[in-house]
Amino acid sequence: MIAEVAPFQAIAIGRLAHELAEQGRDVIHMEFGQPSTGAPVAAIAAAHRILDTDPMGYWESTRLQERIARHYRDSYGVTIASDQVILTCGASPALVLALSCLFAPGARVALVRPGYVAYRNTLKALYLEPVELACGPAERFQVTAEALARLDPAPDGLILASPANPTGTIIAPEELAAIAEVCRRRGIRVVSDEIYHGISYGLPTLSMLQELPDALVVNSFSKYFSMAGWRLGWLVVPPDLVGAARARMGNLFLTPPVLAQHAGLLAFECRDELEEHVATYARNRDLLLDALPAMGLERIAPPDGAFYIYTDVSHLTDDSLHLCEALLRDTGVATAPGVDFDPVDGHRFLRISFAVSTPLVETAIARMTPWFNARGGKSRR
Ligand SMILES: Cc1ncc(COP(=O)(O)O)c(C=O)c1O
């Protein structure tokens, strides 16, 4: 039987948003999880130079692998060899490589619900079995060591993300250590998606490699580095999986774009500019956390990182896709329906991405407030 892979519903909202924009409507894009800023200025300048001088064949940058290995030492105190870093075309192929290196078809891989839509669908495409752990605000939408220990039988694997999409919540250091302990004890292999590292509002973002040296770590230039369309990311694998991961990368994807690899190397040196983006997200987060309760959107787990707020809208609808469409048509504010992240309970949630400029967040709030208030304002719970 061919695996069934569901489409992103947010794409339908994105399409409608573009249609409305073409009709002359002023649309604020808060539906997609991508920074509205471009790549760092110095990275773009490097790319211009490379375009004029480099023939751009298939290529993997050893300097970038070394720079990423250094990043693990400097940021996490973890020593890895540069050949443990596989450069990929973003986190998405890194996830495919990680799962296909670790698991045979039929393996059971745990993940939290709500979670990033592609986890479930990538597992299915690889004929792996998603084992969903339903999480709510009580667990701050994150996996706990206790829930993992209770799974019977033990899953073969675990995908975790901290900060997470769609909630932005971070697993606290002691909980991460407890999760690692359960994984060690029960033989569960971990794929840690660390794509939102660097975007945090106070809590530390620890790498799973600090707890579990045989974890596979996925990361990317799409979020902190603001380079989603450049399609560049990486996978860290333990030494015994370097050959398997390289073979898969070479056969399935060849190499990441040359231009992006040159620009990515430069982006590591653009901390000031990138930290400015994080400061903008922090301001946007505060504005929204302040404004949303007055609209009746008060059942929220405040995000510790990333640039999302996942809010319960069950007092208004049991069809969040429909609610997102109505909000977009009436106000021009595009958001994402929760069903992408949670096929069971997501119809009661929507996700607001605040990776846009602060003036746009202010405008979105000014438009959303009367709209939600006209629908009852305060939630009934
Ligand atoms: C949690 C998470 N992982 C992976 C990805 C895919 O990222 P990339 O653009 O690096 O493929 C995304 C994109 O939104 C994401 O939110």
Legend entry - Selection from segment 12-25 of residues that are outside any helix (DSSP H, G or I) and either at positive phi or open to solvent by less than 50 Å² (accessible area, probe 1.4 Å) (or both): 24
Legend entry - Single unsatisfied condition, residue 197 versus (1) within 14 Å of the ligand (Cβ to nearest atom); (2) not in a loop (DSSP other than H, G, I, E, B): (2)
Inset, instruction - Mind counting the residues in segment 262-278 that are open to solvent by less than 40 Å² (accessible area, probe 1.4 Å) and either more than 12 Å from residue 224 (Cα to Cα) or out of contact with any Pro (no Cβ under 9 Å at 6 or more places or on another chain) (or both)? - result: 4
Inset, instruction - Tell me which residues, restricted to segment 73-95, are of a type outside the set (S, T, N, Q) and either over 21 Å from the mean Cα position of the chain (by Cα) or farther than 22 Å from residue 226 by Cα (or both). - result: 73, 74, 77, 78, 80, 81, 83
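How many of the residues in segment 169-187 are over 17 Å from residue 135 (Cβ atoms), open to solvent by less than 10 Å² (accessible area, probe 1.4 Å) and either in a strand (DSSP E or B) or not small (Gly, Ala, Ser) (or both)? Before you say what the answer is, go through the steps one by one.
As a first pass, look at segment 169-187 and keep what is over 17 Å from residue 135 (Cβ atoms): 173-174, 177, 180-181, 183-187.
Next, only the ones that are open to solvent by less than 10 Å² (accessible area, probe 1.4 Å) stay: 180, 183.
From what is left, the residues that are either in a strand (DSSP E or B) or not small (Gly, Ala, Ser) (or both) are 183.
Here the count works out to 1.
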Legend entry - residue 246, sole failed condition from (1) touching a residue at least 60 places away in the same chain (Cβ under 8 Å); (2) within 12 Å of the ligand (Cβ to nearest atom): (2)
Inset, instruction - Hey, can you tell me all the residues within segment 26-58 that are in a loop (DSSP other than H, G, I, E, B), open to solvent by 90 Å² or more (accessible area, probe 1.4 Å) and touching a residue at least 12 places away in the same chain (Cβ under 8 Å)? - result: 26, 34, 58
Inset, instruction - Pull up segment 123-141, narrow it to residues that are part of a loop (DSSP other than H, G, I, E, B) and in contact with a Leu (Cβ under 8 Å, 6 or more places away or on another chain), then point me to the one that is surrounded by the fewest Cβ atoms within 10 Å (Cβ to Cβ). - result: 126
Inset, instruction - Confirm whether residue 108 is of a type outside the set (Asp, Glu), open to solvent by 20 Å² or more (accessible area, probe 1.4 Å) and within 16 Å of the ligand (Cβ to nearest atom). - result: no
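Please note which helices (runs of 4 or more DSSP H) are completely contained in segment 204-301 and include at least 1 residues that are of a type in the set (Lys, Arg).
On the way: elements: 242-252, 258-267, 271-291.
By residue number, 242-252, 271-291.
The values are calculated or read from the model by the stated rules, or taken from the named source; none is laboratory data. Owing to the predicted nature of the structure, the values given are computational and were not obtained by experimental measurement. Note: ideal-geometry Cβ built from the backbone for every residue, glycine included; neighbour counts use all protein chains shown. Accessible surface is based on the protein model in full, side chains and every heavy atom, while ligands, DNA and RNA are left aside. Shrake-Rupley method; radii C 1.70, N 1.55, O 1.52, S 1.80 Å.
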